[in-house]
Structures are given as C-alpha cells and as structure tokens.
1. How far is E:Lys23 from itself in the other copies, in nm, if each label sits 7 Å out from Cα along the Cα-Cβ line, shortest first?
2. In the stretch B:42-139, how many lysine pairs have Cα atoms under 13 Å apart, counting only pairs 8 or more places apart or on different chains?
3. Compute the FRET efficiency between C:Glu101 and D:Thr2 as 1/(1 + (r/R0)^6), taking r as their Cβ-Cβ distance and R0 = 51 Å, and round to the nearest 0.05.
4. Compute the Rg to Rh ratio over the stretch E:4-139 from the alpha carbon atoms, using the Kirkwood formula for Rh, and round to two decimal places.
5. Please find, among residues of chain C, the one with the beta carbon closest to the rotation axis relating it to chain A, distance in whole Å.
6. Please report, ordered by residue number, every helix of chain C (full DSSP H runs) that is 24 Å or longer along its axis going by C-alpha atoms and whose mean Kyte-Doolittle hydropathy reaches 0.0.
7. Before rounding to the nearest 500, sum -39500 (n - 2.57) across all DSSP H runs of length at least 4 in chain D and divide by the residue total; then give [θ] at 222 nm in deg cm²/dmol.
8. Kindly state, to the nearest 0.05, the FRET efficiency for E:Ile34 paired with D:Asp54, given R0 = 22 Å and r defined as their beta-carbon distance.
Amino acid sequence: MTRKYGIADTTFSRVDMGSLVYKVIRSEDSEADIVRYTVPGIKDLPVAAKRLIDEGCDGVITLGWVGKTMLDKYSYLATSIGLIMVQILTSKHVIDVTVHEDEADDEEKLKEIAIDRATKHAKNLVKLVKEGKNALTKYAGKGLRQGYSNAGEID
Amino acid sequence: MTRKYGIADTTFSRVDMGSLVYKVIRSEDSEADIVRYTVPGIKDLPVAAKRLIDEGCDGVITLGWVGKTMLDKYSYLATSIGLIMVQILTSKHVIDVTVHEDEADDEEKLKEIAIDRATKHAKNLVKLVKEGKNALTKYAGKGLRQGYSNAGEID
Amino acid sequence: MTRKYGIADTTFSRVDMGSLVYKVIRSEDSEADIVRYTVPGIKDLPVAAKRLIDEGCDGVITLGWVGKTMLDKYSYLATSIGLIMVQILTSKHVIDVTVHEDEADDEEKLKEIAIDRATKHAKNLVKLVKEGKNALTKYAGKGLRQGYSNAGEID
Amino acid sequence: MTRKYGIADTTFSRVDMGSLVYKVIRSEDSEADIVRYTVPGIKDLPVAAKRLIDEGCDGVITLGWVGKTMLDKYSYLATSIGLIMVQILTSKHVIDVTVHEDEADDEEKLKEIAIDRATKHAKNLVKLVKEGKNALTKYAGKGLRQGYSNAGEID
Amino acid sequence: MTRKYGIADTTFSRVDMGSLVYKVIRSEDSEADIVRYTVPGIKDLPVAAKRLIDEGCDGVITLGWVGKTMLDKYSYLATSIGLIMVQILTSKHVIDVTVHEDEADDEEKLKEIAIDRATKHAKNLVKLVKEGKNALTKYAGKGLRQGYSNAGEID
C-alpha cells in the first residue's frame, strides 16, 4: 500500500518550511502520497494533524513558528500538549518542528535553523513510517540535534 | 449543504468582537448559517465551541479577552489547552482570537488590535471551512500577523 | 422538564459561598432542583462537577478558594484544565468561581469579592441553562467583571 | 456491598504515609476492603489510581512527596492534571495528599505535616465514599486545612 | 504467558540508556520479550509508548534527555502530561526516566546519573510487571532516589 505523509504548516511562519519538507519527503520516499495543510498559527496545528490522520496519513510533520513573548511560550506549551494528545489518540507519529524567534538574533541564522531542523525531521518521519521502530536505533544515545550541530554521545 | 459557522464570545471582553465577526463572516460567505454563543469569560469558551459543533457548526471562532495578571495567563493557558482538545475530539477548526490587556498601553490601540485580529481570523476561518486545507497555502511561511502588521517572509 | 443545577464547594474555602449560591439560584429559578456537593479542596472540584452532571444536572457552578503560593497556583491551573475537560466531555456548562487569597489584603474585602463573584456567576449559570446561548449576548463585549466593578466597553 | 478503598504511595516519599492511612481507613470503616499499591514516584500515581479503580475501588487516596526544584514542581503539575483526569474518566474520587519538601525547614516538621495531612484526607475520603456528597457540607467554607491548623471562616 | 516489556529511547540523548536497560530487563526477567523503539526526542516518547502497548507490552520504560532552556522544560512538562495520559488510557505502567542536562556540570557525572537512574527504574518496572502492586511496598516511604543516593526515611 502507498504510504501517505501529512505536512501541516502555518502562515505565521517566516520561512516556507512546508515546500522544503515536501521536497525532502518526495526525495526520501518517491512513490508516497504527500498532503499539505496550511493553518494560521501553531495552535491550529493539532487539529490539522488530526484531520490529516483522519484522511489516512501514516505520519504527519508539523512546522511551527513561535514568537518571543511569554504568551507565545504558553501557546507553544498548549500546542505541544495538543500534538502529543493527537498522537496518543491515533497511535500515529506527529513529528513536531518548532522554530522559536528567540533562538537567534539575526534572521539569516533563524532561517538556517528552520531549514536544518525541518529537513532532518522530515527524514526522521520518513524513516519511522517506512522502516518502523528500529529505524533510528543505531543513533540512539548519539546526541543528535536538529537546527544545531550534534552534541554527540558522552565518552 | 449550507455551511454553518459558530461564534463564541464573552461578556468579559471590552470590545464587541462578536458583532464584528458576524458581519465579516456574512460578507465572506453570504448564504451561510451563523450562530452566536455568549459566555462570561474565556474559560467558558471551550464548552461553547463544543456545543456549537454539537449542533452542526463546520467551524467556530472564539473571541477571548485576557487580563494582565499571572492568574489571567494561567486561565489563558488552560483555555488554550481546552480549545485544542475540542478540536482534536471533533476534528473541526476552532480559530482562537485572544486579546491580552497588556498588549497595548492605551485603550484605543487595544481596540484596534481586537478589530484587526478578529477580522483577519474570521476570514481565515471562512477560507478553511469553504476551501479546505490548501486555502491558505499560498501564504505559508509569509509571516502573516493578526492584530499587528505582517512580519513578512525572511529574505 | 425540571431544570437541575449542581453546586460544588469546598471545606478549604473561608467563605460559605455554597449556601449563598443556593439562595441565588433558588431565587432566579424557583422550581429548579438544586444539588450541592462539598469536597475538601479545588482539585476535588472537577470530579464533583462530573458526578453532578452524571446524576442529571443541566449545569454546575464550582466555588473554589486558592492559597497564595506558587504551588497553589499550579493546583489552580490543573483544576482549571480539569474543569474545562469535564465541560468538553459532557457538553454542559461548569461555571468556575475562584477566589484567590492574594486578591485582597484584608479579609473583609476578600469576602466581598467572594460574595459578588459567586452571586453574579450563579445568575450567569441560570441564564445560560434557562435561556441558552444568546441569554448573555446583549452584554457581549461590555467588560463585565465578577468580584470587581465592571471595566466597561472601550469607547 | 463492601466498600473498597485504594491507597497509592511511593518509594520516593520519606514518610510511610501508606501504613498510616491504612490504619486510619480501617478505623473509620472497619469492614471495608483496603488495597495498597506502591510505585516509585508521583508521576506513577495516576496509573496506580486508575488500576485501583479498575479493580473495583470506590475511592482512592494518593500519597505523593515532591522535591524542591522547579522540575519537581512541573512533575507535580503533570501529576495533578493526571490525577484529575483519572477522576473525570472514572467519576470516582482520588484524594490527593502531596507533601512538598520545601514546606518546612526541618525534617521533624515535614513529618508532622505529612502525618496530619494524610490522616485528615484519609478521613475525608471515607466520609465521601460512605456518606456521599453532603458528608462534608457542614464544613463548607470553614477554612479547613490539612497539614496545618485551620484558617477558619472569615467573620 | 510471556511478559513483554517496551523500551522507548531517543537519538537526542547523549547516553545510550536503551542498550543498558535492555540488559537490565533481560537479567531481571530472563524469558521476557523485550521490544525497543527509538524516536528523535522526548515529545515523541508518548506515542512510542502507546504503540508499544498497542502491540502487547505489559509495561514500558521511556528514556528521555532534556536540554537546559525554559523551552526544554516546557517540552518536558508536555511530555510528562502525555506519558501520564498514555498510562491512564491503557492502565499500563510507563516508567519515565528523564535526565536533565542541568543536573550536573560535567559530562561524566551526567552519565553516572543516567546509568544509575535507568538501571534502578528498569528494575522497578520489572518488579511492578512481574509481582504487581505490592512488589515495592516494603520500600514505601523509604526515600529511595534514582540518579542520586537515597534520601532515606525521616527518623
């Protein structure tokens, strides 16, 4: 059966991670169905992920962008709880890419973080959907990072 | 079939966003059914949204107003989690407009934020309900803002 | 059919809001059934509300009292999430009256807040249960407050 | 039918509140079944409570002990939300006794708090399970405290 | 019937706790089935635990690693709520091992904490799954710690 991936992104984001992730998934799993769902902001991502799973997606990647204020962080917390609840209720992976505006001082760096994180997590999603629960086991404990260089294993 | 929109607003709010949003939805989708539900405060919005969906709404917009204290922010967090849960359990969009009293120092500015945010999100809701998951895709990553001027795409 | 209201209150509270609310509901809806449920503290209120709804209440009012420490506030947050979940799962209103010990420096003022807030919200509950979703619409955006004087509409 | 009580306690706790609570429940309800469930720490208490209810307990008391750091407090918050969810989903009381290591400077005082709080809440649980929703109503608004002396009613 | 244990670990972690825990479980319960599931980060652990239970695990241990920033701590909070929800919905234990990067200044100490905590909790999981709710009762209130030396019982 054809694998089906969902991409949920936002108009709030300042980088078009959705188009990028589409290409990465296509290149990692050339025959897959890929469906995109664009919503205004991060708090709309959980229902977008839920609806993508409702229409048959085997896994979803969400692409959030979060402002700098405490209220933005509370929205991030509520969204994170929501995305985890979607996964628990459907038993499907929803890989959550979030870029926080205060992760970098200049815009170029922020865009680099977004591209690196979205690319790496798109590959993670494909691995988990295609190969299952041991696809990433050889990297377990290796201190991998998305958006930054890897921290590495201790010792 | 006729589309049906729900509007949930509060008596706590200091701007009548409900009437405004009614007009915006009516002008964006002239034949739609529009139902309004007014509750005391933000913590009553999730059940109002749930009841509007129970009676057949295809999508809901909630119009919250939040005070300045830490306790108000905790109420905002609990409400946000609740609104996301309603969406997850029903697979319907509940677009959440929230105005925080500490977003501006003077009342006039606060009212401008409320009007801009409620108007833009009412249009977002209609787009999502009428045209579905790709209605907003052309704006993905464009840095759109509600209540403020757009941040824009990086680069 | 006779309307049925639930009142959930606590032994932790320093004001007997339950008896007061009973009288207010009785005076606003003279033929209604009114059931009271007393629990130790705020974290017990969600299940009390759930049980009141299980036995047929059309709406519930909870009467919480919260201490001054950060831990008390975390308990308030958990309780708020719980009360919202009860409402989402049952589609019934649970109007939440909470008095925080740090809202006023002297006890007399605190008692005034409790009485005002509980009275106004008891009336809100009866309005919503008796008249439904548009009972409060004429007050939408009017800046109504419970426990304090109204903030009023901007402009 | 014989009443059945559940006691969930932890190996993290520095006071054996479980044995104490067993004796209190036995003395308050001499013919009841009492089942004890010991888990490592507070985050394991919600599932212990759920499993105790699954095997027929009419009510449960959980006996948590929480460290001093911010992370411990986040664990407390997550646990509190979980315990409230168990109650909402089962409509059974789970009375939550929590002792925070920063409630007192010396160990003896901490132990006193634990003993007082656990004893009083064990009695509360028996009252609610045996006599139901009005068992505590005569104490409503009386400012009762567990672990400390009562604050009392205002006026 | 053969007991089945699940291990969920991450590529974010800087110590390979998964392999260690596999050996500990194998040595504590030599005939058991043991299944491992590796995900990118802590927010993916709840669905991994859910999927492990879906395929028949009697209990699961999750092995999380958390960064130093406030956002990492919010992710920890959301994950904790999610792991507790998985347990409530399935009535199965999910023992949560989390190592926070700010628990120690040097990497060697951090690794020691990870090894000690993961080993002790793997033994706790086996005890609970094999022997049930009273397997740990003799240690109730004994102030046991994982990752640190035991605090001990007061008095």
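Any read-out appearing in this document is the output of simple, stated calculations on the displayed coordinates, not a laboratory observation. If you're wondering where the values come from, they're calculated on a predicted model, not measured in any experiment. Here the Cβ positions follow ideal geometry from the backbone for every residue, glycine too, while neighbour counts run over all protein chains shown.
1. Distances between equivalent label points, in nm: 4.5, 4.5, 7.3, 7.3.
2. Numbers: B:Lys43/B:Lys73; B:Lys50/B:Lys92; B:Lys92/B:Lys130; B:Lys92/B:Lys133; B:Lys127/B:Lys138.
Lysine pair count for the stretch B:42-139: 5.
3. Numbers: r = 41 Å, r/R0 = 0.80.
Efficiency at R0 = 51 Å is approximately 0.80.
4. Numbers: Rg = 14.2 Å, Rh = 14.9 Å.
Using only Cα positions, Rg/Rh for the stretch E:4-139 is 0.95.
5. C:Ile81, 5
6. Details: long enough: C:70-90 (30 Å, 1.03); C:107-131 (35 Å, -0.74).
The qualifying helices are C:70-90.
7. Working: 4 runs with 68 residues, N = 155.
That comes out to -14500 deg cm²/dmol.
8. The pair E:Ile34/D:Asp54 has a calculated efficiency of 0.30.
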